[in-house]
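Asker: Have a look at this one.
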């Protein structure tokens, strides 16, 4: 399962040895460009086999998201004349199935139980993925909010945004202070701080320090191509 599909996602997955054609589901936390810009590339990558010939997968990749997802998907592909060929591939080869999830709705994808909750960001939803072995909650973009905390309680891994240092915080996002509060209430086994803006460069240690000052939660600072085995 892929959580969000921002710039260069497909090429980064390739560097990690992940074949997009092996994906069962893609979750979009909201529709801003930094979380969705590689969606057309991902969709077209599903349409070809290793030799470059058209392929029809055994079953479509499920694209999950909150209310408005179907309209967003159509506006990106079907209503964009420059991407309409990709929309034709989707229909002819049955590449994807677009599923809008309502808050608190549960859905099974493969062996995982998926639950979503609205968060404090435009069109934003967070997701919790539970298997028999572990659980991961991903915040997407959000300011600290009770709905995310309720969703994440009991999770093994919390992947939560930390966009800006406290004194530079803008919009519906989270700073290191807000992240420390969330971590203290959720108490995950592992916290991964993501979505760091350039203002964090050279200051990333302040995030771990802030979280460590509020609770005993192991914190990892996210970076491109980071791999964590669960």
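The values are calculated or read from the model by the stated rules, or taken from the named source; none is laboratory data. Note that this is a predicted model, so its numbers are computed, not measured. When we count neighbours, we look across all protein chains shown, and the Cβ atoms used for this are built from the backbone with ideal geometry, even at glycine.
Asker: Restricting attention to the stretch 1-27, which residues are more than 18 Å from residue 196 (Cα to Cα) and in contact (Cβ under 8 Å) with a residue 24 or more places away in the chain?
Answerer: The first filter runs over the stretch 1-27 and keeps only residues more than 18 Å from residue 196 (Cα to Cα), leaving 1-2, 10-11, 13-27.
Selection gives 1, 2, 10, 15, 16, 20, 21, 23, 24, 25, 26, 27.
Asker: Quick test of your reading of the structure: residue 75 fulfils all but one of (1) outside the structural domain of residue 131 (by TED's automatic domain parsing); (2) touching a residue at least 12 places away in the same chain (Cβ under 8 Å); (3) closer than 23 Å to residue 125 by Cα. Name the failing condition by number.
Answerer: (2)
Asker: If you don't mind, another one. Select from the stretch 209-218 the residues that are assigned to a helix (DSSP H, G or I) and in contact with a helix residue (DSSP H, G or I) (Cβ under 7 Å, 6 or more places away or on another chain) and write down the one among them that is surrounded by the fewest Cβ atoms within 10 Å (Cβ to Cβ). Spell out the reasoning first.
Answerer: To start, the set of residues in the stretch 209-218 that are assigned to a helix (DSSP H, G or I) comprises 209-214.
From what's left, in contact with a helix residue (DSSP H, G or I) (Cβ under 7 Å, 6 or more places away or on another chain): 210-211, 213-214.
On the way: 210: 22, 211: 25, 213: 11, 214: 15.
It comes out as 213.
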